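Here is the structure we will look at.
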Number of protein chains: 2
Amino acid sequence: MSERSGRRKSRGRDAKHADRKRNQMEVAAFIDRKIPYFDYLSTESLELIEHNADTVLEEIGIDFRDDPEALSLLKDAGADVEGERVRFPRGMCRSIIQASAPKEFTQFARNTERNVIIGGDRTVLVPSYGSPFVRDLDGGRRYATINDFENFVKLAYMAPGLHHSGGTICEPVDLPVNKRHFDMIYSHIKYSDKPFMGSVTHPDRAQDTVDMAKLVFGDEFVENNCVCISLINANSPMTFDATMLGAAKVYARHNQATMISPFILAGAMSPVTVAGTATQILAEALAGMAFVQIVKPGAPVVFGTFASAISMQSGAPTFGTPEPSMVMYAVGALARRLGVPFRSGGGLTASKVPDAQAAYESANTLQAAAMSGVNFMLHTAGWLEGGLSMSYEKFIMDCDQANMLAVLLKGADMSENGQAMDALREIGPGSHFLGSAHTQANFKTAFYRSTVADNNSFEQWQADGELDCAQRANAQWKQMLNDYVAPELDPAIDEALLEFISKRKGSFPDKEY
Amino acid sequence: MSERSGRRKSRGRDAKHADRKRNQMEVAAFIDRKIPYFDYLSTESLELIEHNADTVLEEIGIDFRDDPEALSLLKDAGADVEGERVRFPRGMCRSIIQASAPKEFTQFARNTERNVIIGGDRTVLVPSYGSPFVRDLDGGRRYATINDFENFVKLAYMAPGLHHSGGTICEPVDLPVNKRHFDMIYSHIKYSDKPFMGSVTHPDRAQDTVDMAKLVFGDEFVENNCVCISLINANSPMTFDATMLGAAKVYARHNQATMISPFILAGAMSPVTVAGTATQILAEALAGMAFVQIVKPGAPVVFGTFASAISMQSGAPTFGTPEPSMVMYAVGALARRLGVPFRSGGGLTASKVPDAQAAYESANTLQAAAMSGVNFMLHTAGWLEGGLSMSYEKFIMDCDQANMLAVLLKGADMSENGQAMDALREIGPGSHFLGSAHTQANFKTAFYRSTVADNNSFEQWQADGELDCAQRANAQWKQMLNDYVAPELDPAIDEALLEFISKRKGSFPDKEY
């Protein structure tokens, strides 16, 4: 009897807990932006950058390296090809892109409720990408493993503010370089039902990604719908290499999305100014996106940008400073003018630990990304050390920021309830609103509740052990991994994936590069 | 000989150090904004809030408490006075304000190079205000003293990103409540030459502020020019008390600036919605600013706002969440539509320590403040614990953010040098820009250099002792206080101030309230 009532009591607590969580935020597949974009640059300035980018494409040109097929395709499309240097008549890239690239597209997830729309007024928040190390408060910094990778897939699956499972969240360096993509793709499919990113480190690995996706979604569906999106970095300045071009061709030919992303540490890979950097980014992205449309007209393609500045003393990349934000504002507007989705932003920082530097830099970047209209926000959660480390605690803290971006982008409620004139009339001067009918009706959803901030009194905070934000986050990710329940996966699909992986892995020797 | 060469070497280092500092940022008396404002709300939404605020003023009214003179002045000006409740015909407050309140004004500093323009496209960054406690990494949290107060005046004087000395940066609780204002005003004048804020805790203390300012600037100058600015909080909801009204009258009659600031923890002192809160803020500020203009037409007055949300669970104030940013965006636009300067923003946080929570929350607020067009940004540097603590380390970190706001608000350089087409032509595909002539010509001023971020390699960071941001800031404020050199002050003025203070302090007993 006492056991039963105990259980009932505990269920009550759980229900209350779940209720609190539900009330805290609407879980949406992506963010539907209801606020304007911030026009940091004037139309005149944007037109000047577009003009200059066309000059770069026409006079300087872009190198397409070690890919004769690419050169031949570009030549046939009207570019001026001289060795590996490709020059484009003014406006050529823009008109190729505008003729066939979709303004927005749906990336399907294996759980269709998790499908995301990429482009237009939508924002999709995505975990960080590419760290060889992981860090947590307990173990410090260490090389990432497939276990870490799985952990982050699980955490991203559980995070209401993240809409996507991401790609190479961290490098599972305990697995051979030429085979780890199988395990990463499998993890995304097995441990999450959110959409995911494909492998780009070799055209064969891109093909493996597509083949595995076909086992989940079916051959025909994949050929006609976007089920994965992949990161094609330009080798800035003004160069695309064969690996990236090869992967881009595989994905485009299967109608899968690519993000053509100039990767810029401004001052080293681009001029040491905002306008010069934006010009180069636009030129590179125009060339890359036009190439994708030449390979497969209509294949989804995203205007990507990763731009930080370097310290002109040490050459080290810096984050969260004003100039990269300016570049992001500029490029966001350029992407909208071109009419393609825009990828940039995230919780970027050079800090080695999840401290105040990490947070200032990340928040500055996240705010600018939201205001500038990023559609696909890679690196939203987890980044440390300029991407060298994926931090468990920072992942939790950034997810809290991701939740907040969703609220900010939704805009203010101007309904009658939002105007609250009844509350103002009921309370009047000198009283307080805590007990008003309007407050009672709205308090559950009224204000965003942070998952990691401590807003208690100083005395309560002391009694709770004087924890800082990272320490609170530490407890949270452990609790989440403990609570994790895998989304259902058809056992036949699971078996087919494992069989495919086993066969493919057995067909060639391990390699460490 | 070796001593001399040693000295020469040290001078060389110093010169280099100074050169580095100079290159880092232009030291300006205030920020001249060159970028647009972010229009978070539509014109239609703003008009609706204005309409509703007029309804509040007309139907509900504002209480002016314990000040018969205020009620009489308001009645004479056309308001409907019933007891202490004052109702205003639609549009009355707006037309009174627009008839005489300056759109912008100069606050003079004793060093005229430090004069600030408040309003229009200008931004003035100001230290935090009002903390009873201070905190540093060495001593933890303790009650503030006049020594702490002097320290923060010195640090604000030395901080290139702060344009103002502020007011009650922290409460010198070691001094009697009814006399500490003398010591605070004296500190601002003695240890800094930036403009400062006046006392508002009693009309007599406001008068003391004016009298001390006259000893510095001269009687006639003070009566005709703004030499101090003071914070007049509304006792929200919809109430002004006699202390604030009394101080406002003193300052207005001497032509000194006041900031009429609804102080809102939304959900407690205002409705639990953004639009409702903005409506109440506008109504309160309109009534307060109109009152100032009735007392002295033409006296400089600022539309102030302090709005945070409360946790609907604990009642504790929260910061850096989306809703207060939305309120700030709304009110900034409302102030511009009204045509008066706007005070809000700052590095606000509920965190007890200068950790990631403190930084996320502060950066979110600072970014929104910059984008929303805050003209006078009180609480820019130092805030912890919802204002209960002034942190030495956070002060340093926030000052770094202040420097960045100046860069962000300046906009992107679109000159020929900014466009960098020569650099793009010189370098071309596949090379790097580090050695280009353009980079060499621009690298010193190209990118903002953080004063507290660590952008070094992981290995270098380890070798440097694995410090976090707060630890680096700790070393910095100590170095700054060590390096502090007081600005010159005419000994006759200094003597007059000390004599005035001694006489006034001797004329009444100490009080602890």
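The values are calculated or read from the model by the stated rules, or taken from the named source; none is laboratory data. In this text the structure is predicted, and so the values were computed from the model without any measurement. Please note: Cβ atoms are built from the backbone with ideal geometry, for glycine as well, and neighbour counts cover all protein chains shown.
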>> Please determine whether any residue of segment A:140-163 is touching a residue at least 40 places away in the same chain (Cβ under 8 Å), among the hydroxyl-bearing types (S, T, Y) and closer than 22 Å to A:M259 by Cα.
In response: no
> Name the residues in segment B:324-371 that are more than 18 Å from the chain's Cα centre (by Cα) and on the phi > 0 side of the Ramachandran plot, would you?
Replying inline: B:G339
>> Restricting to segment A:435-464, name every residue that is farther than 19 Å from B:G386 by Cα and under 39 Å from the mean Cα position of the chain (by Cα).
In response: A:H438, A:T439, A:Q440, A:A441, A:N442, A:F443, A:K444, A:T445, A:A446
>> Which residue is nearest to the chain's Cα centre (by Cα), if the candidates are limited to segment A:402-416 and must be more than 7 Å from chain B (Cβ to nearest Cβ) and in a loop (DSSP other than H, G, I, E, B)?
In response: A:G411
>> So, restricting to helices (runs of 4 or more DSSP H) that lie completely within segment B:417-492, which ones have at least 3 residues that are more than 7 Å from chain A (Cβ to nearest Cβ) and crowded, with 18+ Cβ neighbours inside 10 Å?
In response: B:469-483
>> Being at pLDDT 95 or above, out of contact with any Phe, Trp or Tyr (no Cβ under 7 Å at 6 or more places or on another chain) and either of a type in the set (A, V, I, L, M) or within 25 Å of B:V134 (Cβ to Cβ) (or both) narrows it down to one residue among A:E459, A:E499; which is it?
In response: A:E459
>> Need pairs with beta-carbon distance below 6 Å; first residue free of Cβ contacts under 8 Å to residues at least 60 places away in the same chain and within segment A:192-203, second β-branched (V, I, T); sequence gap 6+ or separate chains.
In response: A:G198/A:T209; A:S199/A:T209; A:P203/A:V250
>> Among the residues that make up segment B:274-296, is at least one of them without any contact (Cβ under 8 Å) to a residue 12 or more places away in the chain and closer than 17 Å to B:P322 by Cβ?
In response: yes
>> So, A:E113, is that one more than 22 Å from A:L231 (Cα to Cα), under 24 Å from the mean Cα position of the chain (by Cα) and assigned to a helix (DSSP H, G or I) or not?
In response: yes
>> Of everything in segment A:48-69, what is among the charged types (D, E, K, R), closer than 19 Å to A:T273 by Cα and under 28 Å from the mean Cα position of the chain (by Cα)? Give them in sequence order.
In response: A:E50
> Out of all the residues in segment A:114-142, which are buried (at least 21 other Cβ atoms within 10 Å of the Cβ), within 14 Å of chain B (Cβ to nearest Cβ) and among the aliphatic types (A, V, I, L, M)?
Replying inline: A:V134
> For segment B:242-264, what are the residues that are farther than 11 Å from B:E223 by Cα, part of a helix (DSSP H, G or I) and not polar (S, T, N, Q)?
Replying inline: B:A242, B:M244, B:L245, B:G246, B:A247, B:A248, B:K249, B:V250
> Taking segment A:49-68, which residues are in contact with a Pro (Cβ under 7 Å, 6 or more places away or on another chain) and either hydrophobic (A, V, I, L, M, F, W, C) or under 15 Å from B:A423 (Cβ atoms) (or both)?
Replying inline: A:I62
> How many residues does segment B:204-245 hold that are free of Cβ contacts under 8 Å to residues at least 60 places away in the same chain and β-branched (V, I, T)?
Replying inline: 4
> Can you tell me how many residues in segment B:165-187 are within 17 Å of B:F395 (Cα to Cα) and of a type outside the set (A, V, I, L, M, F, W, C)?
Replying inline: 5
> B:A356 fails exactly one of the following numbered conditions: (1) of a type outside the set (S, T, N, Q); (2) in contact (Cβ under 8 Å) with a residue 24 or more places away in the chain; (3) closer than 20 Å to A:F458 by Cβ; (4) buried (at least 24 other Cβ atoms within 10 Å of the Cβ). What is the number of that condition?
Replying inline: (2)
>> Can you report the number of residues in segment A:310-350 which are at the interface with another protein chain (Cβ under 7 Å from one of its Cβ atoms), in a loop (DSSP other than H, G, I, E, B) and free of Cβ contacts under 8 Å to residues at least 40 places away in the same chain?
In response: 3
> Any idea which residue in segment B:238-264 is nearest to the other protein chains (Cβ to nearest Cβ), counting only those that are within 21 Å of A:G435 (Cβ to Cβ) and surrounded by 24 or more Cβ atoms within 10 Å (Cβ to Cβ)?
Replying inline: B:M238
>> Consider segment B:351-374. How many of its residues are within 7 Å of chain A (Cβ to nearest Cβ) and among the β-branched types (V, I, T)?
In response: 1
> How many residues does segment B:351-361 hold that are part of a helix (DSSP H, G or I), aliphatic (A, V, I, L, M) and in contact with a Leu (Cβ under 9 Å, 6 or more places away or on another chain)?
Replying inline: 1
>> For segment A:266-309, give me each residue that is within 10 Å of another protein chain (Cβ to nearest Cβ), among the hydroxyl-bearing types (S, T, Y) and assigned to a loop (DSSP other than H, G, I, E, B).
In response: A:T273
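Conditions (1) surrounded by 13 or more Cβ atoms within 10 Å (Cβ to Cβ); (2) within 8 Å of chain A (Cβ to nearest Cβ); (3) of a type in the set (D, E), marked per residue:
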site	(1), (2), (3)
B:P36	yes, yes, no
B:L46	yes, no, no
B:E58	yes, no, yes
B:D63	yes, yes, yes
B:L71	yes, no, no
B:A77	yes, no, no
B:E82	no, no, yes
B:V86	yes, no, no
B:G91	yes, no, no
